[in-house]
Amino acid sequence: MPKNLLFILEALLFSGCGFHLINPAQNRVYVEVFSNRSLQPGIEIFMVKNLKKTLAELPGFTPVSKKNSADIILEGTIQQFSRDPEFIAESDQIVMASYKIKILLEIIKNGKTTEKTFQQTYVVNLTRQLKTDELLDNISKKVSKDIYFQLINLDEKR
C-alpha cells in the first residue's frame, strides 16, 4: 500500500502543474558566429559567447567546437537591436530604456532546417552608469536564456 500511495503522490505532483522533465540525453550543439545586420556593432560577439555559456551551464545541451560533431547546428542573424527611452529624468538623462532585439535563428538537426524568428523587448534600468560592453553582455545573457528555452521547447516537439 505505501508504494502505491507514493506512486499516486508522485503522479499528482508532476501532472498538471506545468512541471516537465528535460530529456536527459545531451544534444551536442555547435553555435555558428551570428551575423549582425543591426546598427549595434559587436552584439553578435556577446550573443554567441553567452549562448555557448548558457548551453554549457543548463541541462539538455552541450556546446561543441566542431560542426561535424554536433547534433544541432545553431545559426543566427541579428536583424534588429534598438533602444527606446522609457523614462527620462529631469536632467534629460535616460534612466530606463527598452531594447528590442530580433534574431532570425536557423536550427539544423538531422539535416532539417527550422527557421524561427526570435523577437523580444528587454527593459533595462540605466541609473547605474553601464559601459556599452556591460550593457551588451547583460542583454545578451537574457536573450541567451530565452533562446535556450525555445530550443528546449523545439526539441520536445520533435
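Readers should treat all values here as calculations from the given coordinates under stated rules, not as data from a laboratory. Just so it is clear, the structure is predicted and the values come from calculations on it, not from any experiment. All Cβ positions, glycine included, derive from the backbone under ideal geometry; neighbour counts span all protein chains shown.
Okay, here's what the table says:
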| read-out | value |
| --- | --- |
| Neighbours by Cβ (under 9 Å, 6+ apart or cross-chain): first from region 87-107, over 15 Å from Asn125 (Cα atoms); second of a type in the set (Ser, Thr, Tyr) and in a loop (DSSP other than H, G, I, E, B) | Ile101/Ser38; Lys102/Ser38 |
| Per-region count, region 126-142, residues farther than 16 Å from Asp84 by Cα, more than 20 Å from the chain's Cα centre (by Cα) and among the polar types (S, T, N, Q) | 1 |
| Out of Glu57, Glu115, Glu44, sole residue that is of a type outside the set (A, V, I, L, M, F, W, C), in contact with an Asp or Glu (Cβ under 8 Å, 6 or more places away or on another chain) and closer than 23 Å to Val29 by Cβ | Glu115 |
| Region 37-92, residues that are surrounded by fewer than 19 Cβ atoms within 10 Å (Cβ to Cβ), closer than 16 Å to Asp137 by Cα and aromatic (Phe, Trp, Tyr) | none |
| Filter result (among the acidic types (Asp, Glu) and farther than 17 Å from Val31 by Cβ) within region 118-137 | Asp133, Glu134 |
